[in-house]
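J.: To start, I am sharing the structure in question, which I have written as structure tokens.
The values are calculated or read from the model by the stated rules, or taken from the named source; none is laboratory data. Note that the structure is a prediction, hence the values are computed from the model and not measured. Cβ sites come from the backbone with ideal geometry, for glycine too, and all protein chains shown count toward neighbours. Keep in mind that these areas ignore ligands, DNA and RNA; they rest on the heavy atoms of the full protein, side chains included. Shrake-Rupley method; radii C 1.70, N 1.55, O 1.52, S 1.80 Å.
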Amino acid sequence: MVEREMVLEVVVGVSGERHHGHHVAPLQAAHEAIDWRPEVPRGDRVRVKEHTCDCRATFYELCRAGGLMFIRRTHRLRGVVAVHESPWALSKEVEALWLRLLIGSAR
């Protein structure tokens, strides 16, 4: 098994400029399909650990709640917002899925 290291990037902005998060890479031809499910409120507190830039119609958040992690996908189109979640799982599994999502090998 190949281990991958997540790299955090630091963006220094100019005063008055909007901060952008990560952008997901283009989807690879051979990619993993994430089992997206409708959002179900399961925890009192959900913490967003990382996020992609919300300048696009679809953006993602790496979330932690109740000792588990999941990825939240938000899609906005013509005023309609749809929110889905990946399965909740152990941190190691979801952080690996997050990395695959960022590099375009999962969606």
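J.: Specify which of the listed residues (Ile103, Ile71) is under 21 Å from His31 (Cβ atoms) and open to solvent by 10 Å² or more (accessible area, probe 1.4 Å).
T.: After applying the criteria, what remains is Ile103.
J.: Could you tell me which residue of region 47-78 is modelled with the highest pLDDT, considering only residues that are part of a loop (DSSP other than H, G, I, E, B) and under 15 Å from Leu90 (Cα atoms)?
T.: Top of the filtered list is Gly67.
J.: Also: Could you tell me whether Val24 is part of a loop (DSSP other than H, G, I, E, B), under 14 Å from the mean Cα position of the chain (by Cα), β-branched (Val, Ile, Thr) and modelled with pLDDT under 95?
T.: So Val24 passes the test.
J.: Please find, within region 79-98, the residue that is nearest to Asp54 (Cα to Cα) out of those that are modelled with pLDDT of 95 or more and part of a loop (DSSP other than H, G, I, E, B).
T.: Ser86
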